[in-house]
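Notes follow the structure.
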Amino acid sequence: MAEALDQAEAFARIRLLRSPNIGPVSYAQLLMRFGSAAQALAALPELGSRGGRAYRAAPSETIEREIDAVRSAGAKYLFHDQPGYPALLGQLDSAPPILTWRGDLALASQPCVAMVGARNASAAAVKLARDFAAALAEAGFTVVSGLARGIDGAAHEGALNSSAGPRTVGVIASGIDIAYPPQHAALQERIASEGLLLAEQPPGTEPRGSHFPSRNRIIAGLAAGTLVVEAAVRSGSLITARLAGEAGREVMAIPGSPLDPRSHGGNHLIREGAVLVQSPEEVIELLSGFDGIPRSTFREPMGQFDSAPEELAEAEPADIAALLTTAPVAVDELIRQSGTSAAAVQLALLELEIAGRLERHAAGRVSLA
């Protein structure tokens with residue numbers, strides 16, 4: 001278990017994940033293939049050259065500065081195989097290998113419900129989110145959200161102020177030491193002190209557009225179900241709902257007026273199979289008996305390849321690269337068309353990714369970068 005990691009291997013794991021073109025999937029495959037992060041780091045230059053480009057891992061000095069920054073922020077590291085790592089989050093194929101955290105880590109392993117919604121939410125929806133969160137916290141659920149304005153902030157506040165005590169997790173798209181949005185700096189600090197604050201990005205990282213979908217997968221992955229309170233059709237809240245559906249979790253939505261564009265996203269989810277809920281008791285009833293088989297039928301019609309090879313065989317990355325375009329394709333389709341083994345295809349993809357030539361997408365799909 002990572003709890004017994006020596007400092008050298010823990011350092012190597014952080015350095016491996018911070019190296020160019022290494023994401024959660026490639027990180028897991030490298031650990032599987034080489035047995036340790038230190039050995040994987042030693043192999044990266046050769047793998048990169050086989051993918052077609054020279055490769056250099058993250059400098060050790062950068063990792064030393066990061067570790068100092070984590071300590072200065074009063075935070076700690078959590079590795080994917082430590083006992084405190086949330087079990088539901090660990091079920092995701094793209095589960096973050098390393099998180100930084102402040103607060104009460106046990107909250108993330110208790111029954112969780114994600115609450116998301118519009119940033120420019122109506123006053124009625126904000127009050128509804130606050131009341132729902134307080135009732136869910138009082139029923140023993142940890143409320144997970146992303147600290148955005150509007151519904152997210154109201155959900156955190158409701159769960160922090162419940163009569164059962166603070167029960168909320170804030171997942172941020174920045175480093176653990178960056179408050180975003182700035183007007184939620186006090187709320188973020190309160191969550192870190194009384195609840196739990198989680199970050200996937202290194203300290204000092206300002207949030208970018210690409211960080212928010214990554215943050216949303218953590219929000220959805222932590223919870224047995226995601227509740228959309230109020231959201232437009234094009235919103236990050238629907239991304240979180242989609243990710244929850246892909247992970248086989250419950251997807252719920254509170255209906256709203258068809259005259260308000262801020263309700264169209266939630267109403268769309270209900271039409272597509274999300275469970276309509278109108279009271280906290282309905283959410284509690286749905287999630288209290290959750291056994292991994294959701295009642296909601298909201299899903300993305302995407303193929304998924306989730307087998308993990310026990311070992312990765314040799315392969316020529318150029319053969320697989322010739323099958324790829326910038327349009328995402330499922331890995332199992334590549335296996336069928338290449339006529340080679342799953343292990344060989346996975347290694348070829350790994351080499352291409354390390355060389356910066358491959359991009360991974362949701363539902364086990366890949367494309368040329």
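If you check Leu105, Leu147, Leu78 for being crowded, with 17+ Cβ neighbours inside 10 Å, under 18 Å from Arg215 (Cα atoms), out of contact with any helix residue (DSSP H, G or I) (no Cβ under 9 Å at 6 or more places or on another chain) and at pLDDT 95 or above, only one passes: Leu105.
A single entry from Ala124, Ala129, Ala69, Ala137 fulfils the requirement of being farther than 30 Å from Gly364 by Cα, free of Cβ contacts under 8 Å to residues at least 24 places away in the same chain and assigned to a helix (DSSP H, G or I): Ala124. Take the stretch 151-174 and flag every residue that is part of a loop (DSSP other than H, G, I, E, B) and farther than 18 Å from Arg119 by Cα. The answer is Asn161, Ser162, Ser163, Ala164, Gly165, Pro166, Arg167.
For the stretch 339-369, taking the residues that are open to solvent by 40 Å² or more (accessible area, probe 1.4 Å) and among the polar types (S, T, N, Q), the one that is modelled with the highest pLDDT is identified as Ser341.
Within the stretch 281-296, track down each residue that is crowded, with 21+ Cβ neighbours inside 10 Å and at pLDDT 95 or above. Across the stretch 281-296, the qualifying residues are Val283, Leu287. For the stretch 175-200, filtered to residues that are under 17 Å from Gly103 (Cα atoms) and assigned to a loop (DSSP other than H, G, I, E, B), the residue that is most open to solvent (accessible area, probe 1.4 Å) is Asp177. For the stretch 250-265, filtering for residues that are under 22 Å from Ala139 (Cβ atoms) and touching a residue at least 60 places away in the same chain (Cβ under 8 Å) leaves 1. Kindly indicate whether any position in the stretch 242-254 is at pLDDT 95 or above and more than 21 Å from the chain's Cα centre (by Cα). Yes, there is a match, as at least one residue in the stretch 242-254 is at pLDDT 95 or above and more than 21 Å from the chain's Cα centre (by Cα).
Kindly indicate whether Ser49 is closer than 30 Å to Val366 by Cβ, surrounded by 17 or more Cβ atoms within 10 Å (Cβ to Cβ) and small (Gly, Ala, Ser). Here the answer is no, as Ser49 does not meet what is asked. If you check Tyr27 against the conditions, is it assigned to a helix (DSSP H, G or I), open to solvent by less than 50 Å² (accessible area, probe 1.4 Å) and aromatic (Phe, Trp, Tyr)? In short, yes. Across the stretch 81-102, the number of residues qualifying as surrounded by fewer than 17 Cβ atoms within 10 Å (Cβ to Cβ) and either in a strand (DSSP E or B) or in contact with a Phe, Trp or Tyr (Cβ under 8 Å, 6 or more places away or on another chain) (or both) comes to 0. If you check Ile219, Ile239 for being assigned to a helix (DSSP H, G or I) and open to solvent by 20 Å² or more (accessible area, probe 1.4 Å), only one passes: Ile239.
Answer yes or no: is there a residue in the stretch 6-18 that is within 21 Å of Leu352 (Cα to Cα), assigned to a loop (DSSP other than H, G, I, E, B) and touching a residue at least 24 places away in the same chain (Cβ under 8 Å). Looking through the stretch 6-18, none of the residues is within 21 Å of Leu352 (Cα to Cα), assigned to a loop (DSSP other than H, G, I, E, B) and touching a residue at least 24 places away in the same chain (Cβ under 8 Å).
Mind listing just one residue for me: the one in the stretch 242-264 that is of a type in the set (Gly, Ala, Ser) and farther than 28 Å from Gly23 by Cβ and, of those, surrounded by the fewest Cβ atoms within 10 Å (Cβ to Cβ)? Top of the filtered list is Ser257.
The values are calculated or read from the model by the stated rules, or taken from the named source; none is laboratory data. Since the structure is predicted, the reported quantities are computational estimates derived from the model, not experimental observations. Cβ sites come from the backbone with ideal geometry, for glycine too, and all protein chains shown count toward neighbours. Please note that ligands, DNA and RNA were not included when accessible areas were found on the heavy atoms of the full protein model with its side chains. Shrake-Rupley method; radii C 1.70, N 1.55, O 1.52, S 1.80 Å.
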